Amino acid sequence: MPNRIALVTGCSRGVGAALAAELLRRNWRVHGISRSAPPAELIEDGLVHLPLDLSDVDAVGEHFHASFANDLHLEAADQIALVNNAGVLAMAPTQGLDLRQMDAAFRVNVTVPAWLMGWFVQHTPEITRLDLVNLSSGAASSAYPGWLTYCTSKAALRMAGRVVAADVAEQLALSDRPIHVLDYAPGVVATEMQAEIRSAAPSSFPRSERFHDLYEQDQLADPSAPAGEIADLLERRNPPAYDERRLGS
Ligand SMILES: NC(=O)c1ccc[n+]([C@@H]2O[C@H](COP(=O)([O-])OP(=O)(O)OC[C@H]3O[C@@H](n4cnc5c(N)ncnc54)[C@H](OP(=O)(O)O)[C@@H]3O)[C@@H](O)[C@H]2O)c1
């Protein structure tokens, strides 16, 4: 049986918890990061939980020291995956942006995921397949009123993935490395993030009606749908160096 390891951020609920469950079912070794505890079943099924606040760059830097690669047994793995799934909305109208909230959201949505891609490129053995997955959104390319922080940070994360792929393609030091970057948009999923969107006042999020309609028409995907697709994409043979997918594509 192949020795595959995944680090999934945002494993306590939503898409991240569903993906951790799916990968454990497929016999991956799974480590997960979140501030709150993941569901007990995930721990029982083998999830190694790392309680960490991804907006705290000092804590992240302390944790991801060089010997953490040994703790993860990266040298023994046939395949390694980083899934940058944790994300926050930080909704606010342009005239009401909170500097600290924005800064923390950018750390969670862009700074730390982008840095983690670099950490994994640095610490993955050269011959080992490395998959870097960034949870994207339609908001990475469409402007939503009230979502300045979310749209901007998701667009930046998408670009970070493209730059990593360009580094792999053009930097001699990385040439011939089996590194694959996937930008994956999960669609509209029934998670706490969607509940937060529906709870926004139309004055701060003028497009809330669409999300209420989707909810009332039972159009939200179950988290297991994107989780299953991401797991399938991680397990496909010969993936491209860079790929963009969305739920159902
Ligand atoms: N749901 C959708 O419709 C939708 C649509 C498009 C894209 N997405 C993207 O899909 C991903 C997952 O979304 P979701 O709907 O599953 O979100 P969710 O239900 O709100 O879950 C977010 C996860 O991120 C973790 N997280 C948030 N802030 C964190 C921090 N400071 N440190 C560590 N972990 C943190 C949370 O854990 P703790 O709170 O325990 O720390 C939680 O496990 C996100 O990147 C989101 O942008 C979702």
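Points to keep in mind about this one:
- Inter-label distance for Ile127 and Arg237, nm, one decimal - labels placed 7 Å from Cα along Cα-to-Cβ: 2.0
- Note on segment 53-143: with neighbouring protein chains present and a 1.4 Å probe, carbon and sulfur make up 51 percent of its accessible heavy-atom surface.
- Convex hull (Cα only) mean projected area of segment 105-152, reported in nm² to one decimal: 3.8
- Solvent-accessible surface of protein heavy atoms, probed at 1.4 angstrom with all chains present, puts Val164, Val83, Val48 in the order Val48, Val164, Val83, largest first.
- Estimated from helical segments only, the mean residue ellipticity of the chain at 222 nm is -12000 deg cm²/dmol, where each DSSP H run of four or more residues counts as -39500 (n - 2.57).
- Under a 5 Å amide H cut-off, with hydrogens placed 1.01 Å from N, Glu244 pairs with Asp183 among residues at least 5 apart or on other chains.
- Length available on full extension from Ala173 to His65: 0.36 nm per residue minus the Cα-Cα distance, which gives 36.7 nm.
- Of the DSSP H helices in the chain, those whose Cα atoms cover at least 27 Å axially and whose Kyte score averages -1.0 or more: 148-170
- Accessible area, probe 1.4 Å, largest first, for residues His73, His180: His73, His180
- For Trp28, the solvent-accessible surface with a 1.4 Å probe is about 10 Å², rounded to the nearest 10.
- Accessible area of Asp78 (1.4 Å probe, protein heavy atoms only, ligands and nucleic acids ignored): about 90 Å².
- Cut-off under 5 Å, modelled amide H: who pairs with Gly32 long-range: Val8, Val48, His49, Leu50
- Accessible area (Å², per residue) of the chain, counting only protein heavy atoms and a probe of 1.4 Å: 48
- Under 5 Å from the amide H of Val189 lie the amide H atoms of Ala221, each residue being 5 or more positions distant or on a separate chain, with H modelled from the backbone and absent for Pro and chain starts.
- Treating r as the C-beta distance of Ser249 and Gln217 and R0 as 22 Å, the FRET efficiency rounds to 0.55.
- Alpha-carbon Rg/Rh ratio, for segment 26-106, with Rh computed the Kirkwood way: 1.05
- Average Cα contact separation per residue, segment 167-249, under 8 Å, 6 or more apart, as relative contact order %: 45
- The simple spin-label model puts a point 7 Å past each Cα toward its Cβ; for Ala76 and Ser203 those points are separated by 5.8 nm.
- Counting every alpha-carbon pair across segment 1-151, the share separated by more than 28 Å comes to 21%.
- Computed over protein heavy atoms with a 1.4 angstrom probe, the accessible surface ordering of Glu41, Glu22, Glu196, largest first, is Glu41, Glu196, Glu22.
- Cα centroid of segment 80-117 to Cα centroid of segment 233-249, whole Å: 24
The values are calculated or read from the model by the stated rules, or taken from the named source; none is laboratory data. Just so you know, these numbers come straight off a predicted model, no measurement behind them. Glycine gets a Cβ as well: all are built from the backbone with ideal geometry, and neighbour counts include every protein chain shown. In case anyone asks, the SASA skips ligands and DNA or RNA and just uses the protein heavy atoms, side chains included. Shrake-Rupley method; radii C 1.70, N 1.55, O 1.52, S 1.80 Å.
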